[in-house]
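Here's the structure, in structure tokens; my notes come after.
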Amino acid sequence: MSGLNMDTVKAKNGINWLKYASPKTFYPLAGRLIPWFSAGAFLLIAYGLYLGLLVAPTDFQQGEGYRIIFVHVPAAWFSMFLYLLMAGYAVLGLVLNAKLSYMMAKAIAPTGAMFTLAALVTGSFWGKPMWGAWWVWDARLTSELILLFLYIGYFSLQSAIDDTNRADKASAILAIVGAINVPIIYFSVKWWNTLHQGASVSLTKAPAMAAIMLQGMLVMALGFWLYSVAVIFARVRCEILERDNKAALLRQEI
Amino acid sequence: MGFLNQSRQLVADNLSIARGDRLLFKYLSFSLDNGSVLHLEGQNGSGKTSLLRTICGLSKPLEGTISWCGDSTDVLAEDFFQQLLYIGHLPGIKEELSAIENLEFSLTLAGLKSEQASIRNVLEELGLKRCMDLPSRYLSQGQKKRVALARLWLQTSPLWVLDEPFTALDVSAVDMLKQRVEDFASQGGIVIMTTHQALQMQVPDLVRLRLNS
Amino acid sequence: MASIQQGSRLSTFAVLYRILARDILVAMRRQSDVAAVFFFFVIAASLFPLGSGADPKLLSSMAPSVLWVTALLSCMLSLSRLFASDFSDGTLEQMLISSQPLILVVLAKTFAHWILSGLPLVIIAPFIGLQFNLASESLQVLALSLFIGTLALSLIGSVGAALTLGLRGAGVLIAILVLPLYIPVLVFGAGAVTATTIGMSPQGALSLLGAILALSLVFAPLAASIALKIALE
């Protein structure tokens, strides 16, 4: 005996739009928060630059050039941190099947890549007066370069897949695989450095840290954090709008 | 046949399926018991293939569940797959391998030992005596389809999901397939198939379902 | 027609062996694919001396890197074929809903890929190494490092192949995704050979390479299976 009741109206309240409900509450909330984060970021970064460029003392060995570490070091921290955060959201997305998590991961990537690029460029500017070369294959810079490749891979995969669903999940897998590899890559680069250059050429020897320098970098880091939140939220809102456009078609048919 | 007569049931509950951003259908429910044959009809693009793939577990529905013998197919995973025989649009055979080698591999995937003799017998009955040892690239579409369908005579799965099984078949093959489905159903098997043509079948329970786009 | 016989069941190992054998059989019948990897390696490796001059000292110092990078690229070029052919004729679909856990199917296919793309390199590389003026001890380490390393490359690469299944431009895309992940394998593999050429023991590098292989064995088939399911949804 078989039953067939396609037309029977079920007691359920239609399709579970929980997947879209989170973005729906997130959208206005993020909208309210962005101006605050932007203002805070502006202030903190300005203060941090002030500390770094004007207040911190001139270094005995490296002169004024070292000041670039106030951008270089926090940028490097964030390039790494944001990648791990992206991978974290990827895990959430796969486990909870929550669209918002996937959107967050997708929104984090460009900012993370930007910080990676910033770290590479500032690292290059730091190295030029010290070593006379625009690029030095030291362990930290090389790892940053590979991190940039990982970000590029993430973007490339995202843009190559048309179907949003598949793009979300596939890039989530890639982000997680990349995150697992990050410590391995970092370790192998360090090992490679010691094998080929003996005493490692290192840009990471920041001048002996006066308290003021550490303070400057932390302020910059905090400023970068607020900036990241503001920019990522703005991006997620854009993403929500884009997807909502497509979802509207679905809703019309229910 | 005792094995097929064991009580089984496939239940779809409140299925809503989308492809890409297009909703295909919503709130579809049905249940099939031993001897049921479900004829799925509808135009191209109405979601027949998507429904079949969702039943097989290749796609996930937007909403709803599918259960086999009381347990969700999501949870059962390989245990469900073991009892499922799916023949889709694509022939599922490799061009470099002969018909026999392809069927041996299909049986391997089903975890079954294969006997050349029984495979040869079936292929002969299906009219492929002269080409069963050739690489499959030399077979016509119709012949490839018959190789793909040969699994229906070689495997022991109680649930069949067939996507347009009659395409590319000539009249005699159509008759053989129809007969096979009827025999299978009367022994207690469950069949879900898409058809373009309205087909008459002598089975314990024939269900027609039409999807509108 | 005879009714269905209920066949006796195969052990998991037998199933995996048959999947592996089938992949190798198919590749053998195609022939061109297997040979292509081989020829690419030989030709590409000889481009380096042509590009930099044939000073024996220079060659032997760059040999570990050249040979390893060329091997890595050769492996990578054949990755898109790992799942693509099965995807287009519908056999991959059947594997996803077979009674065998997908992870094991992927493992068997990856192993077959290694036998077809990695193992030939292990055999030919020492001979090319001679062209680069490497000592026999280094050649042995080269072969051993490639033996372990190319298997890791096939495993890691299978994830890239699964993620990019059916996409336009999958070939280049796989390279972008997979090459950064290949870097640790390259570092330790070439590093082992370099260590040998400068008189150090390759033990450390080789064991690290082995560790990466072990990690890949555990994680790669899992990631690739998930990626395959996503690709076929």
If you go through C:15, C:106, the only one that is more than 9 Å from every other protein chain (Cβ to nearest Cβ), buried (at least 16 other Cβ atoms within 10 Å of the Cβ), touching a residue at least 40 places away in the same chain (Cβ under 8 Å) and assigned to a helix (DSSP H, G or I) is C:106
Restricting attention to the stretch B:113-126, does a residue exist that is in a loop (DSSP other than H, G, I, E, B), surrounded by 17 or more Cβ atoms within 10 Å (Cβ to Cβ) and facing chain C (nearest Cβ under 10 Å)?
-> yes
Out of the stretch C:117-168, which residues are among the hydrophobic types (A, V, I, L, M, F, W, C), more than 14 Å from chain A (Cβ to nearest Cβ) and closer than 13 Å to residue C:76 by Cβ?
-> C:121
Given the conditions (1) at pLDDT below 90; (2) part of a strand (DSSP E or B); (3) closer than 16 Å to residue B:145 by Cα; (4) of a type in the set (A, V, I, L, M, F, W, C), report the number of the one that residue B:207 does not fulfil.
-> (3)
On the phi < 0 side of the Ramachandran plot, crowded, with 20+ Cβ neighbours inside 10 Å, among the charged types (D, E, K, R) and in a helix (DSSP H, G or I): does that describe residue C:22?
-> yes
Considering only residues that are of a type in the set (Gly, Ala, Ser) and in contact with a Gly (Cβ under 6 Å, 6 or more places away or on another chain), look in the stretch C:64-93 and name the one that is nearest to the other protein chains (Cβ to nearest Cβ).
-> C:90
So is residue A:147 within 14 Å of another protein chain (Cβ to nearest Cβ) and either on the phi > 0 side of the Ramachandran plot or touching a Pro at 6+ places or on another chain (Cβ under 9 Å) (or both) or not?
-> yes
Could you tell me which residue of the stretch C:184-208 is surrounded by the fewest Cβ atoms within 10 Å (Cβ to Cβ), considering only residues that are under 14 Å from the mean Cα position of the chain (by Cα) and within 10 Å of another protein chain (Cβ to nearest Cβ)?
-> C:186
Of the listed residues (B:129, B:94), the one being within 7 Å of chain C (Cβ to nearest Cβ), out of contact with any strand residue (DSSP E or B) (no Cβ under 6 Å at 6 or more places or on another chain) and farther than 30 Å from residue B:34 by Cα is B:94
Just name the residue that is surrounded by the most Cβ atoms within 10 Å (Cβ to Cβ) out of those in the stretch B:67-83 that are under 19 Å from residue B:14 (Cα atoms) and touching a residue at least 40 places away in the same chain (Cβ under 8 Å).
-> B:68
Does residue A:153 satisfy the condition of being under 11 Å from the mean Cα position of the chain (by Cα) and either assigned to a loop (DSSP other than H, G, I, E, B) or without any contact (Cβ under 8 Å) to a residue 40 or more places away in the chain (or both)?
-> no
Scanning the stretch C:149-206 residue by residue, those more than 26 Å from residue C:231 (Cβ to Cβ), hydroxyl-bearing (Ser, Thr, Tyr) and part of a loop (DSSP other than H, G, I, E, B) turn out to be C:201
Consider residue C:100 carefully, then state whether it is surrounded by 21 or more Cβ atoms within 10 Å (Cβ to Cβ) and assigned to a loop (DSSP other than H, G, I, E, B).
-> yes
Within the stretch B:20-37, restricting attention to residues that are touching an Asp or Glu at 6+ places or on another chain (Cβ under 9 Å), more than 7 Å from chain A (Cβ to nearest Cβ) and closer than 23 Å to residue B:196 by Cβ, which residue is surrounded by the most Cβ atoms within 10 Å (Cβ to Cβ)?
-> B:37
From C:52, C:11, C:88, C:32, grab the single residue that is at pLDDT 90 or above and among the polar types (S, T, N, Q).
-> C:88
Would you confirm whether any residue within the stretch B:84-98 is part of a helix (DSSP H, G or I) and buried (at least 22 other Cβ atoms within 10 Å of the Cβ)?
-> no
Scan the stretch B:48-73 for residues that are more than 9 Å from chain C (Cβ to nearest Cβ), among the charged types (D, E, K, R) and more than 18 Å from residue B:32 (Cα to Cα) and jot them down.
-> B:63
Being outside any helix (DSSP H, G or I) and within 21 Å of the chain's Cα centre (by Cα), is that true of even one residue in the stretch B:127-136?
-> yes
A careful count of residues in the stretch B:171-197 that are closer than 17 Å to residue B:88 by Cα, touching a strand residue (DSSP E or B) at 6+ places or on another chain (Cβ under 7 Å) and in a helix (DSSP H, G or I) gives 1
Does residue A:106 satisfy the criteria of being crowded, with 22+ Cβ neighbours inside 10 Å and either more than 24 Å from residue A:224 (Cβ to Cβ) or within 14 Å of chain C (Cβ to nearest Cβ) (or both)?
-> no
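The values are calculated or read from the model by the stated rules, or taken from the named source; none is laboratory data. Please read all numbers here as calculations on a predicted model, not as lab measurements. Reconstructed Cβ throughout: ideal geometry from the backbone, glycine too, with neighbour counts over all protein chains shown.
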